[in-house]
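*Asks:* Below are the structure tokens for one structure; questions will follow.
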Amino acid sequence: MKYQHHLFVCTNQKSGVGSDVAKALKKELKKQDLKSLLVGGKKRKNRVQTVGCLDVCKHCKKGDGAALVLYPEGIWYGDVHPKDAADIVHDHLGAERPVKRLVIEK
Ligand code: FES
């Protein structure tokens, strides 16, 4: 697999919060030096991508944050704000511990 983690962030809000979350996640990946990793001698990337609606709008469009899904785990986060990016990158991508306060059931 090319990616260690692949994050898809909904950008279907009028406020633009999803785009801001994606930018904050990308910034944190660089800051925390987790954009690419060496795993078992192979280079793996953590990639953030913006997408349209993820069909969990009650955790996204109606709140003031954005929804995102993180693979390969298939963990869903809701009502995410740019200020949450550091925890998602540090705890989930770095330490493999989902950020429980943001996890939603799909
Ligand atoms: S608007 Fe974000 S999941 Fe639907």
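*Asks:* Is it the case that some residue within region 36-54 is in contact with an Asp or Glu (Cβ under 7 Å, 6 or more places away or on another chain) and within 11 Å of the ligand (Cβ to nearest atom)?
*Replies:* No, region 36-54 has no match at all.
*Asks:* If you go through region 34-48 one residue at a time, do you hit one that is under 17 Å from Ala85 (Cβ atoms), buried (at least 16 other Cβ atoms within 10 Å of the Cβ) and touching a residue at least 60 places away in the same chain (Cβ under 8 Å)?
*Replies:* Taking every residue of region 34-48 in turn, at least one turns out to be under 17 Å from Ala85 (Cβ atoms), buried (at least 16 other Cβ atoms within 10 Å of the Cβ) and touching a residue at least 60 places away in the same chain (Cβ under 8 Å).
*Asks:* If a residue must be closer than 22 Å to Lys45 by Cβ, assigned to a strand (DSSP E or B) and not β-branched (Val, Ile, Thr), how many such residues does region 68-100 contain?
*Replies:* Counting residues in region 68-100 that are closer than 22 Å to Lys45 by Cβ, assigned to a strand (DSSP E or B) and not β-branched (Val, Ile, Thr) gives 5.
*Asks:* So which residues in region 1-33 are within 15 Å of the ligand (Cβ to nearest atom), in a strand (DSSP E or B) and over 15 Å from Pro82 (Cβ atoms)?
*Replies:* Correct list: Phe8 only.
*Asks:* Which one of Lys100, Lys83, Lys58, Lys106 is surrounded by fewer than 18 Cβ atoms within 10 Å (Cβ to Cβ) and in contact with a strand residue (DSSP E or B) (Cβ under 6 Å, 6 or more places away or on another chain)?
*Replies:* That would be Lys106, the only listed residue that is surrounded by fewer than 18 Cβ atoms within 10 Å (Cβ to Cβ) and in contact with a strand residue (DSSP E or B) (Cβ under 6 Å, 6 or more places away or on another chain).
*Asks:* Identify all residues within region 50-61 that are farther than 18 Å from Lys83 by Cα and in a strand (DSSP E or B); write none if there are none.
*Replies:* Val51 - this is the single residue of region 50-61 that is farther than 18 Å from Lys83 by Cα and in a strand (DSSP E or B).
FYI, it's all coordinate maths here, none of it is from the lab. Keep in mind the model is a prediction, meaning the values are calculated, not measured. Glycine also receives a Cβ, built like all others from the backbone with ideal geometry; neighbour counts cover every protein chain displayed.
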